[in-house]
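The values are calculated or read from the model by the stated rules, or taken from the named source; none is laboratory data. The model shown is predicted, which means the values in this text are computed figures rather than measured ones. Heads up, the Cβs are rebuilt from the backbone with ideal geometry, glycines too, and the neighbour counts pull from every protein chain shown.
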There are 2 protein chains.
Amino acid sequence: MNISLNDLRKISVFQHATDADLDLILKNSIVRSVEEGEYFFLQGDEAKYLYVLVTGQVKLMQSNPNGQQVNLRTIYPWQMFGALGATRGEDAIYPAMAQTLECSTAIAIPSHFLRTMMETRSYLSFDLMNLMTTYIQELQTRYREIATNRVEQRIANALIRLAQQSGIRSGKDAGIELFFSRKDVSEMTGATVFSVSRLISEWERKSIIKAGRERIQILDPHALMQIAEGHKE
Amino acid sequence: MNISLNDLRKISVFQHATDADLDLILKNSIVRSVEEGEYFFLQGDEAKYLYVLVTGQVKLMQSNPNGQQVNLRTIYPWQMFGALGATRGEDAIYPAMAQTLECSTAIAIPSHFLRTMMETRSYLSFDLMNLMTTYIQELQTRYREIATNRVEQRIANALIRLAQQSGIRSGKDAGIELFFSRKDVSEMTGATVFSVSRLISEWERKSIIKAGRERIQILDPHALMQIAEGHKE
DNA sequence: AACGTAAATTGCGCTAGCGCAATGAAGAAG
DNA sequence: CTTCTTCATTGCGCTAGCGCAATTTACGTT
């Protein structure tokens, strides 16, 4: 795997970095590939590295003592993950697990190395804080949603959010394609697979979406947004 | 209101600051007092300041378009709030509102001033990142809870968390006193006031807690933890 | 002490959404 | 082509928790 400096510049946290800095980061990092369904790290592992995804897809999940899981977010190429341990001291642990949805490759940057770099490069701290801030705001919004909205609205919202992050415009029939299973969506919204399936079916009947196996195609985004806002029927 | 440097040192974000730095911060800040029930800032306001609470109590809430509210967290003296705007550019807005639970005083530090300071003082960035990280982890945990746990468990958890953050050991009867209304608890857990009230009553019958108006006294923390973990009866 | 206001309780009905089980459909593997 | 596995659907019953309304209780005020 050959990674250029221009590639690294795509990472929001490194957008203000100098070539020399990027080079230094690259030289101190290693590249890891992980098979589909396997993990970059597990919840509770020592947070020795933070990662930047190069290819593939990774989902961050947290599980409770009973093993029930919630999907915190999905990571796409050139996004950073596992960064929470970077700022903490040496004994930090990952608060979530990172599982690949397909065979994936990522750059693993030693946490202590990034910490050292941040001491003298304030732009790095700022960009990382910006990332954290964005993440906090998204989490707060999702928390509010799950606390105040009905399942229907939450699922609609999740689909809209996914469409923005990873939707593929499928030209001819003017739909946005998402590659997620019902289980994925249920874990993102805190609903059951059954409820998700029922609603997907209902929306398909109304031709708001077109559903397939591990595939959802949004035909009428506007109708979805209506549902997300709680307009009944 | 006279604030000493030693007071400022109580703030986790300033724990590594030099006296000169603290002095500079203090000189560039103003002190604001806000009556009970009033706001330091509203959701959507321009984030010109970040605050450090000196006296009183402030709750951070977010509301959705229909006006339903969720309580994100409660702030106690010497904690920082409204800091998300500090790292963002000039046009940042507060993603939540800060309402006082009692007459409160806070130091208002201009966001741009802190940003300038952080450029040359990496310890500040680190400490602020630490705060953000803690906050993200707590939010993730609460998100998981609300997605996977029943109301009963969530309320038990909320009480336990409140006891750790702000509980007052009331000597003779060996209980931990909390000063929150049923409504507060309901907004923290995403349940209704009614459900909270019903469960509080039930737990009082089982003498796990002792309830009063805007007051909850935990008598048997162990039983509460059992409930929080989902052990039925 | 009497009054007014806001918080809390409780009963009752209802429904959104869960949980299970049975069945069907779509890929993957051989 | 057949078989296996995984994902998805759908019907049915059930219950946790919401929502409303009617009281009751606690506290601050005058």
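The table below gives the values:
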item: Residues of region B:191-201 satisfying the condition of being within 12 Å of DNA strand D (Cβ to nearest atom) and either more than 14 Å from chain A (Cβ to nearest Cβ) or touching a Ser or Thr at 6+ places or on another chain (Cβ under 9 Å) (or both); result: B:THR192, B:VAL193, B:PHE194, B:SER195, B:VAL196, B:SER197, B:ARG198, B:LEU199, B:SER201
item: Unique match (being in the same structural domain as A:PHE41 (by TED's automatic domain parsing) and surrounded by fewer than 19 Cβ atoms within 10 Å (Cβ to Cβ)) among A:LEU131, A:LEU114; result: A:LEU131
item: Criterion (under 21 Å from the mean Cα position of the chain (by Cα) and within 16 Å of DNA strand C (Cβ to nearest atom)) met by exactly one of A:ILE218, A:ILE155; result: A:ILE155
item: Residues located in region B:42-60, provided they are more than 14 Å from B:SER111 (Cα to Cα) and either over 13 Å from the mean Cα position of the chain (by Cα) or surrounded by fewer than 20 Cβ atoms within 10 Å (Cβ to Cβ) (or both); result: B:LEU42, B:GLN43, B:GLY44, B:VAL54, B:THR55, B:GLY56, B:GLN57
item: Every pair of residues 6+ apart whose Cβ atoms lie under 9 Å, when the first sits in region B:202-221 and is within 14 Å of chain A (Cβ to nearest Cβ) while the second is more than 10 Å from DNA strand C (Cβ to nearest atom) and in a helix (DSSP H, G or I); result: none
item: Per-region count, region A:200-215, residues in contact with a Phe, Trp or Tyr (Cβ under 7 Å, 6 or more places away or on another chain) and within 12 Å of DNA strand C (Cβ to nearest atom); result: 2
item: Residue satisfying condition, being in contact (Cβ under 8 Å) with a residue 12 or more places away in the chain and surrounded by fewer than 16 Cβ atoms within 10 Å (Cβ to Cβ), within set B:ILE3, B:ILE107; result: B:ILE3
item: Test: B:GLY167 is at pLDDT below 90, more than 16 Å from DNA strand D (Cβ to nearest atom), outside the structural domain of B:MET61 (by TED's automatic domain parsing) and within 19 Å of the chain's Cα centre (by Cα); result: yes
item: Considering residues of region B:174-190 that are surrounded by fewer than 19 Cβ atoms within 10 Å (Cβ to Cβ) and either away from DNA strand C (no atom under 13 Å from the Cβ) or not small (Gly, Ala, Ser) (or both) only, the residue nearest to the other protein chains (Cβ to nearest Cβ); result: B:LYS183
item: Single match in B:LEU199, B:LEU224, B:LEU219, B:LEU139 (criterion: out of contact with any helix residue (DSSP H, G or I) (no Cβ under 6 Å at 6 or more places or on another chain) and aliphatic (A, V, I, L, M)); result: B:LEU219
item: Residue list for region A:48-63, filter: aliphatic (A, V, I, L, M) and in contact (Cβ under 8 Å) with a residue 40 or more places away in the chain; result: A:LEU50, A:VAL52, A:LEU53, A:VAL54, A:VAL58, A:MET61
item: So B:ALA147, is it more than 9 Å from chain A (Cβ to nearest Cβ) and either crowded, with 22+ Cβ neighbours inside 10 Å or in a strand (DSSP E or B) (or both); result: no
item: A:ARG142 more than 9 Å from every other protein chain (Cβ to nearest Cβ), of a type outside the set (Asp, Glu) and assigned to a helix (DSSP H, G or I); result: no
item: When residues of region A:22-78 are limited to those that are touching a helix residue (DSSP H, G or I) at 6+ places or on another chain (Cβ under 9 Å) and among the hydroxyl-bearing types (Ser, Thr, Tyr), the one farthest from A:SER12 (Cα to Cα); result: A:SER63
